[in-house]
Amino acid sequence: MEEKLLNLKEKLSTELSVATKEADVLNIKSMYVGKKSEIQDILSSLKDMSVDDKRKYGSLINNTKKEMEEMVNKKLEELENKTTVTFDDTLDYDVNIGSLHPITIVAKEVTDILKRMGFTIVSGPEMESDYYNFEALNIPKDHPARDMQDTYYLDNGMLLRTQTSDNQVHAMEKYGAPLRVCAPGRTFRNEDIDACHENTFFQLEGMVIDEGISIGNLMYVMQQVLSEVLKQEVKVRLRPGFFPFTEPSYEMDINCTICGGKGCPTCKNSGWIELIPGGMVHPNVLKAGGIDPEKYNGFAFGIGLTRLAMMKYKISDIRVLNSGDIRYLEQFKIN
Ligand code: DAH
């Protein structure tokens with residue numbers, strides 16, 4: 001019996017010494033100390049032994065089994081320690097800290113100002129229905145205003161929103177009146193790309209609905225936003241505009257900060273950049289949003305966020321903004 005037990009231990013020891021994987025050790029474990037192992041059989045046979053033999057071999061068999069289990073566990077521990085990955089944190093490597101994109105910075109600045117004025121930030125889908133992007137905004141299918149926005153229509157009957165104004169009726173349906181919302185977001189148009197046109201750009205829609213709102217409220221908001229974001233002396237001009245979803249409508253232009261108003265490719269040589277169109281919300285749009293135009297009125301505006309970033313940072317070519325060129329974007333690191 002002694003020899004048999006010794007043999008078992010030796011066989012186990014040899015097998016463990018060549019095992020390199022945890023799975024192999026677990027197999028060995030079940031073979032040598034598992035329920036159907038030889039040592040288990042020997043243990044079970046104890047009960048049929050004579051009292052003498054029981055006395056003689058009882059503790060030897062039990063101890064052998066314990067030792068064999070310990071051998072297996074030791075091997076498992078060894079393997080575990082070997083596979084632990086260690087990092088050398090003394091290595092000197094170059095950590096390149098990223099930066100916020102200029103449009104992200106400007107969007108945050110504008111939304112921070114508007115939040116202080118009680119605006120809620122909302123966001124709508126970039127893949128939008130014709131209804132929210134056009135029809136609900138008083139722009140029916142055959143309206144010539146659609147020509148101003150060369151639209152990407154999708155095979156599934158939807159479109160890529162051409163303006164963040166799609167948020168207007170979504171917001172009215174969701175929140176009702178009174179209402180103060182702003183919606184920054186990405187917009188898409190099939191543009192001929194040049195220094196000041198891109199097919200993908202950012203806008204920020206703003207909308208206030210309440211009783212007795214006037215254009216004076218809108219002017220105040222514009223003034224606050226522009227002076228806080230641009231932090232520089234800039235000339236703005238207001239002129240009549242046309243949008244089917246506002247009446248009256250206007251355009252707010254900013255004197256081009258790149259050329260100082262002299263004329264350059266960024267401002268198409270006009271000296272001015274169209275920055276914030278807006279107006280008083282058309283009654284048809286209020287009705288589309290389920291709001292009674294006899295009781296409520298309001299204003300809306302659409303800040304060209306991409307252009308605002310260009311004017312703030314004097315970026316002369318819109319194309320760099322979507323380029324992902326880190327060398328360029330790095331300049332806007334804010335700490
Ligand atoms: N969505 C318009 C555009 O992209 C801009 C605009 C005009 C937004 C008037 C407004 C608005 O909210 O009232 O051309």
Checklist entry - How much solvent-accessible surface does residue 170 expose, in Å² to the nearest 10, with a 1.4 Å probe and all protein chains in place? => result 50 Å²
Next on the checklist: For segment 255-298, take N as its residue count and report Rg(C-alpha) divided by 2.2 N^0.38 Å.
Outcome noted: 1.94
Checklist entry - Any idea of residue 256's accessible area? Nearest 10 Å², probe 1.4 Å. => result 0 Å²
Next on the checklist: Keeping every protein chain present and rolling a 1.4 Å probe, give me the accessible area per residue for segment 143-240 in Å².
Outcome noted: 49 Å²
Next on the checklist: Could you tell me which residue out of 133, 232, 14 lies farthest along the dipole of the chain toward its positive end? Charges go on the beta carbon: Lys and Arg +1, Asp and Glu -1, centred on the Cα centre.
Outcome noted: 232
Next on the checklist: For 30, 99, give me the order by solvent-accessible area with a 1.4 Å probe, most accessible first, ignoring ligands, DNA and RNA.
Outcome noted: 30, 99
Next on the checklist: At a threshold of 8 angstrom on Cα-Cα distance, excluding pairs fewer than six apart, so keeping six or more, what relative contact order does the chain reach in percent?
Outcome noted: 16 percent
Checklist entry - Given +1 on the Cβ of Lys and Arg, -1 on the Cβ of Asp and Glu, and no further charges, what dipole in debye does segment 184-298 carry about its Cα centre, rounded to the nearest 20? => result 280 debye
Item to check | Unit charges on C-beta of K, R, D, E only; dipole of the chain, Debye | outcome: 540 debye
Checklist outcome for this item: Whole-percent carbon and sulfur contribution to the accessible surface of the chain (1.4 Å, no ligands, DNA or RNA) stands at 51 percent
Checklist entry - Of the cross-linked pairs 268/312; 231/314; 262/333, which ones have a Cα-Cα span greater than 22 Å in the structure shown? => result 262/333
Next on the checklist: Taking 0.36 nm per residue of sequence separation and subtracting the Cα-Cα distance, how much length would be gained by fully extending the chain between residue 1 and residue 191, in nm to one decimal?
Outcome noted: 59.2 nm
Checklist entry - Fully extended, how many nm does the chain gain between residue 145 and residue 247 (0.36 nm per residue separation, minus their Cα-Cα distance)? => result 35.3 nm
Checklist outcome for this item: Two pseudo-spin positions, 7 Å from Cα along C-beta at residue 330 and at residue 26, lie apart in nanometres by 4.8 nm
Checklist entry - What is the dipole size for segment 4-87, taken about its Cα centre, with +1 at each Lys and Arg Cβ and -1 at each Asp and Glu Cβ, in debye to the nearest 20? => result 220 debye
Checklist entry - At q = 0.12, 0.18 Å⁻¹, what log₁₀ I(q)/I(0) does a Debye calculation on the Cα points of segment 26-98 give, no solvent, two decimals? => result -0.52, -0.80
Checklist outcome for this item: Distance in nm between residue 91 and residue 17 label points, each 7 Å along Cα→Cβ, equals 3.6 nm
Checklist entry - How much space per residue, in cubic angstrom, does the convex hull of the C-alpha atoms of segment 237-335 take up? => result 149 Å³
Checklist entry - Put +1 on the Cβ of every Lys and Arg and -1 on every Asp and Glu Cβ in segment 108-162; which of 123, 159, 145 then has its Cα farthest towards the positive end of the dipole? => result 123
Item to check | Whole-Hz ³J(HN,Hα) from phi, Karplus 6.51 cos²θ - 1.76 cosθ + 1.60, for segment 122-127, glycine and proline x | outcome: 10, 9, x, x, 6, 8
Checklist outcome for this item: In Å, the Kirkwood estimate of hydrodynamic radius for the chain over Cα pairs equals 25.7 Å
Next on the checklist: Given a Förster distance of 35 Å, report the FRET efficiency between residue 54 and residue 77 from their Cβ-Cβ distance, rounded to the nearest 0.05.
Outcome noted: 0.55
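The values are calculated or read from the model by the stated rules, or taken from the named source; none is laboratory data. Quantities reported herein were computed from a predicted structural model and do not represent experimental measurements. Cβ coordinates were reconstructed from backbone atoms using ideal geometry, including for glycine residues, and neighbour counts include every protein chain displayed. These area figures cover heavy atoms from the full protein model, side chains too; ligands, DNA and RNA do not enter into them. Shrake-Rupley method; radii C 1.70, N 1.55, O 1.52, S 1.80 Å.
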